[in-house]
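Report on the structure given below.
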């Protein structure tokens, strides 16, 4: 009987990070998708004191925060596709890559989803996909404004689309250069560094502007195909 349950926002790259690690570790799991209504009713707060997803129920425990979840899975299953190197320098590099992905790439993705006018409606609908139709109709117009408030507080929301695309292009140039004649970001096999960056770039590439930006960088595209989340069967 499978008792591993991932509580998630379906479109969250942080939740995608945990799904990818579960896949690589060969662990069966189920998902519980939470929408805007669940957030409003306090469902997320009941699952996690931080009020954030993902939350993983695993082995009788409830684990919160994608980075902490991944490290706990690595601790319990270190021999199954090791994702955090034993080497101290490589381990430090993995940490820096994950932090960069979570703190820099993430806000580029949120901008492209919710600050770009032609993208807002689609992504607001995805946020509300797990909600009843009556609530989705109310929430969908509100979601972009809520996300823009977060973006402006962080700073990304005060930039123009041209500035954001320039910043994204600089990141992609750097990645493409680092991946020249290399398969992985750290060492000779996939690590958490690859997963953390890949899930953010997959989210970026799901927007028309992000997809177009990636076309100029073949090495990034090849690496992304190796690193990214496998489709659910």
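The values are calculated or read from the model by the stated rules, or taken from the named source; none is laboratory data. Values in this document were obtained by computation on a predicted structure and should not be read as measured data. Positions of Cβ are backbone-derived with ideal geometry, glycine not excepted, and every protein chain shown enters the neighbour counts.
Screening the stretch 109-185 for helices (runs of 4 or more DSSP H) wholly inside it with 1 or more residues that are outside the structural domain of residue 218 (by TED's automatic domain parsing) and in contact with a helix residue (DSSP H, G or I) (Cβ under 6 Å, 6 or more places away or on another chain) returns no ranges. Do the conditions hold for residue 131, that is, is it surrounded by fewer than 20 Cβ atoms within 10 Å (Cβ to Cβ) and modelled with pLDDT of 95 or more? Considered against the rule, which asks whether it is surrounded by fewer than 20 Cβ atoms within 10 Å (Cβ to Cβ) and modelled with pLDDT of 95 or more, residue 131 comes out as no. Taking strands (runs of 3 or more DSSP E) as the structural unit, those lying wholly within the stretch 27-91 and holding at least 1 residues that are buried (at least 18 other Cβ atoms within 10 Å of the Cβ) correspond to 55-58, 61-64.
Per-residue answers, yes or no, for (1) free of Cβ contacts under 8 Å to residues at least 12 places away in the same chain; (2) more than 25 Å from residue 162 (Cβ to Cβ); (3) in contact with a helix residue (DSSP H, G or I) (Cβ under 7 Å, 6 or more places away or on another chain); (4) surrounded by 24 or more Cβ atoms within 10 Å (Cβ to Cβ):
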site	(1), (2), (3), (4)
187	no, yes, yes, no
191	no, yes, yes, yes
198	no, yes, yes, yes
209	no, no, yes, no
221	yes, no, yes, no
225	yes, yes, no, no
